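The values are calculated or read from the model by the stated rules, or taken from the named source; none is laboratory data. Since this is a predicted model, take the numbers as computed values, not measurements. In this analysis, Cβ positions are derived from the backbone assuming ideal geometry, glycine residues included, and neighbour counts consider all displayed protein chains.
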Amino acid sequence: MSAQVVELLQQRIESLQGAPTRLTVPVHPALEDLVQLRTGTSYAVDSASLALALAAGASRAGEWVGFAGWGDFGAEAASQWGIDLRRTVLVPEPGDLWLEVAAALVDVLKVVVLKPTTLVDPKSAAVLDARLRARSAILVVWGAWPRVEARLSAERVAWNGADRGRGRLSRRELRVVVDRGGRRSVRDLELP
């Protein structure tokens with residue numbers, strides 16, 4: 001290889017350094033064709049099921065995930081979604097330090113699910129968004145967030161299996177809507 005080619009390659013590498021690579025992270029198979037998680041970004045959801053589904057793919061792939069501000073976190077439900085509890089960090093009540101806790105989790109985990117205890121101002125969101133990009137992490141917010149890659153909502157939920165109050169619930173039907181800056185995708189899912 002000539003010295004000129006080596007120099008050009010070194011310049012190219014230097015130009016790419018510092019610009020974090022946006023990698024994709026798996027989601028639960030039920031959502032695979034509906035949404036794709038990319039590192040350095042945040043996503044908003046309106047239900048526990050959607051929050052768990054977005055974190056489950058990364059956990060199933062061997063990544064560490066975390067949950068903050070979720071005081072009634074259901075470990076059994078998380079496990080049923082495929083989240084490995086041995087690689088899960090839970091901070092159920094971060095209180096007024098929710099931003100600091102979320103930032104610390106983003107520093108070390110691939111996917112962080114945050115349920116903020118207060119309305120989030122754009123400045124706080126921008127601080128965390130910068131941290132996401134620097135650490136190549138993903139934030140899933142259960143609730144409102146100023147800027148997100150996509151918002152997922154469960155518009156219709158129906159349970160099947162119990163007959164007039166008797167029996168066991170066997171499955172759940174869920175209509176999921178994904179809004180990406182005005183572009184909407186809708187999918188009906190059947191979950192166990």
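Might you let me know whether the range 94-104 holds any residue that is within 23 Å of ARG38 (Cα to Cα), free of Cβ contacts under 8 Å to residues at least 12 places away in the same chain and surrounded by 14 or more Cβ atoms within 10 Å (Cβ to Cβ)? Yes, the range 94-104 contains a residue that is within 23 Å of ARG38 (Cα to Cα), free of Cβ contacts under 8 Å to residues at least 12 places away in the same chain and surrounded by 14 or more Cβ atoms within 10 Å (Cβ to Cβ).
Restricting attention to the range 127-160, which residues are farther than 30 Å from ASP188 by Cα, aliphatic (A, V, I, L, M) and under 17 Å from the mean Cα position of the chain (by Cα)?
Hits for the range 127-160 are LEU128, ALA130, LEU132, ALA134.
Considering only residues that are part of a loop (DSSP other than H, G, I, E, B) and either within 21 Å of LYS115 (Cβ to Cβ) or at pLDDT 95 or above (or both), which ones fall in the range 13-38?
Those that are part of a loop (DSSP other than H, G, I, E, B) and either within 21 Å of LYS115 (Cβ to Cβ) or at pLDDT 95 or above (or both): VAL27, HIS28, VAL35.
Comparison of GLU100, GLU76 shows that the only residue that is over 17 Å from the mean Cα position of the chain (by Cα), within 19 Å of ILE138 (Cα to Cα) and among the acidic types (Asp, Glu) is GLU100. The listed residues are ARG151, ARG175, and the only one of them that is outside any helix (DSSP H, G or I) and surrounded by fewer than 16 Cβ atoms within 10 Å (Cβ to Cβ) turns out to be ARG175. Is it the case that ALA44 is at pLDDT 90 or above, within 30 Å of VAL157 (Cβ to Cβ) and small (Gly, Ala, Ser)? In short, yes. With respect to the conditions (1) aliphatic (A, V, I, L, M); (2) touching a residue at least 24 places away in the same chain (Cβ under 8 Å); (3) surrounded by fewer than 20 Cβ atoms within 10 Å (Cβ to Cβ), VAL140 lacks only one, and its number is (3).
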